[in-house]
1. Calculate the spin-label point distance for LEU158 paired with ALA62, positioning each point 7 Å from the Cα along the beta-carbon direction, and give it in nanometres.
2. Along Cα→Cβ, 7 Å out, is where each label goes; now give me the distance between the ones at VAL99 and ARG115 in nm to one decimal.
3. If I take all pairs of Cα atoms in region 97-143, what percentage of them are more than 14 Å from each other?
4. Which peptide among 128-135, 95-102, 73-80, 4-11 comes first, and what is the full order, when sorted by highest mean count of other Cβ atoms within 10 Å?
5. Please check: in the Gaussian network model of the chain (C-alpha springs, under 10 Å), which one of MET147, MET87, MET108 has the largest mean-square fluctuation.
6. Using the crude model of +1 on Lys and Arg Cβ and -1 on Asp and Glu Cβ, and no other charge, please compute the dipole size for the chain relative to its Cα centre, in debye to 20.
7. Given a 1.4 angstrom probe, I'd like the percentage of the accessible area of the chain that is carbon and sulfur, rounded to a whole number.
8. What accessible area per residue, rounded to a whole number of Å², is obtained for region 18-62 using a probe radius of 1.4 Å?
Amino acid sequence: MQGLDVSQLKNLVVQPALEALGLGGETAINLLTGTALAESRCAYVRQIGGGPALGLWQMEPATHDDCWNNFLCYPAGRRFSRVLQGMLGTDQPKSAQLVSNLRYACGMARIRFYRASEALPVQGTAAELSGYHKRNYNTLAGAADPMANTAFFRQAILS
């Protein structure tokens, strides 16, 4: 299956969404673009096989809700909360917009990474980004393969 043009996703969705949150920069942009490639191949908006993950960044509704309930509603997250609220449409619940609202879904994925205790990689190489994705977005028991996914993060960097 062919997905979205990666360069357009990176420059027209990811970069503006992260800049709006004040959480941009080259490493973060490449991380979020590579994550969309690794998670959904930039093609699927619902998890293959019937799992709960939604959107290009394949965030589960429980993870989405945890971001809101345990971070975005507290003082440390309120500045991000205001920006994310501005990205939302009014016709669907927030978690449903992970499928239909690319900017919001990207913003929520960035919040997931922001909450990680590990800082973003300094160099931002494809291998570093892939490993960071595995440790901080996927789970140790999850299906992500950092060696195989390095190619997706390389594609993100080169787009």
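The values are calculated or read from the model by the stated rules, or taken from the named source; none is laboratory data. Remember, predicted model here, so these are calculated numbers, not experimental data. Note that each Cβ is placed from the backbone with ideal geometry, even for glycine, and that neighbours are counted across all protein chains shown. Protein only, heavy atoms only, side chains kept; ligands, DNA and RNA dropped before computing areas. Shrake-Rupley method; radii C 1.70, N 1.55, O 1.52, S 1.80 Å.
1. In this crude label model, ALA62 to LEU158 measures out at 3.7 nm.
2. The modelled label-to-label distance comes out at 2.2 nm.
3. 57 percent
4. In descending order of packing, they fall as 128-135, 95-102, 4-11, 73-80.
5. MET147
6. Magnitude of the dipole: close to 220 debye.
7. In the chain, the share of accessible area belonging to carbon and sulfur is 52 percent.
8. Heavy-atom accessible area per residue stands at 37 Å².
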